[in-house]
Amino acid sequence: MKAKVSWVEGMKFVGESESGHQVILDGANPGEGASPMEMILLAVGGCSSIDVVSILEKARQSVTACHVELAGERADSVPRVFEKIHLNFVVTGKGLAEKQVARAVDLSMEKYCSVSLMLEKAVEITHSYQIVEA
């Protein structure tokens, strides 16, 4: 896997993936794009959410919406790395089985989500879930 990040102006950069997708990164606060640390949170949220929805669909659960609320705590001094990240999955559907939702979240966080599994070597990662009836 390869990628390229190119400076645009100020603290604004454009990242381009090998597959041709682009994203704006910005070190200004607020800037025109997410900061690199915000992108880390978005990456773990996206990776794990893809897993959760995929697992639930394979289990024939009627998912109508899914989002994950992420909270990251960073060190007070430089480097301001993440020390803790919590993910709260909110899964909406018709007659969702709690056992299936719990299983999907656990499988993502413990087996499938490459981003969280990589990060947990240096960051305390916790998770929870909520089920909302559609």
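Values as computed for the structure displayed
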| read-out | value |
| --- | --- |
| Those residues of region 100-114 which are over 14 Å from LYS58 (Cα atoms) and either charged (D, E, K, R) or open to solvent by less than 50 Å² (accessible area, probe 1.4 Å) (or both), in sequence order | ALA102, ASP106, MET109, GLU110, LYS111, CYS113 |
| Subset of region 54-69 (residues that are farther than 15 Å from SER116 by Cα and buried (at least 18 other Cβ atoms within 10 Å of the Cβ)) | ILE55, LEU56, GLN61, VAL63, CYS66 |
| Qualifying positions in region 70-96 - open to solvent by 40 Å² or more (accessible area, probe 1.4 Å) and farther than 17 Å from MET37 by Cβ | LYS94, GLY95 |
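The values are calculated or read from the model by the stated rules, or taken from the named source; none is laboratory data. Remember, predicted model here, so these are calculated numbers, not experimental data. Quick reminder, even Gly has a Cβ in these numbers, built from the backbone with ideal geometry, and neighbours come from all protein chains shown. All accessible areas refer to the heavy atoms of the entire protein, side chains included, with ligands and DNA or RNA removed. Shrake-Rupley method; radii C 1.70, N 1.55, O 1.52, S 1.80 Å.
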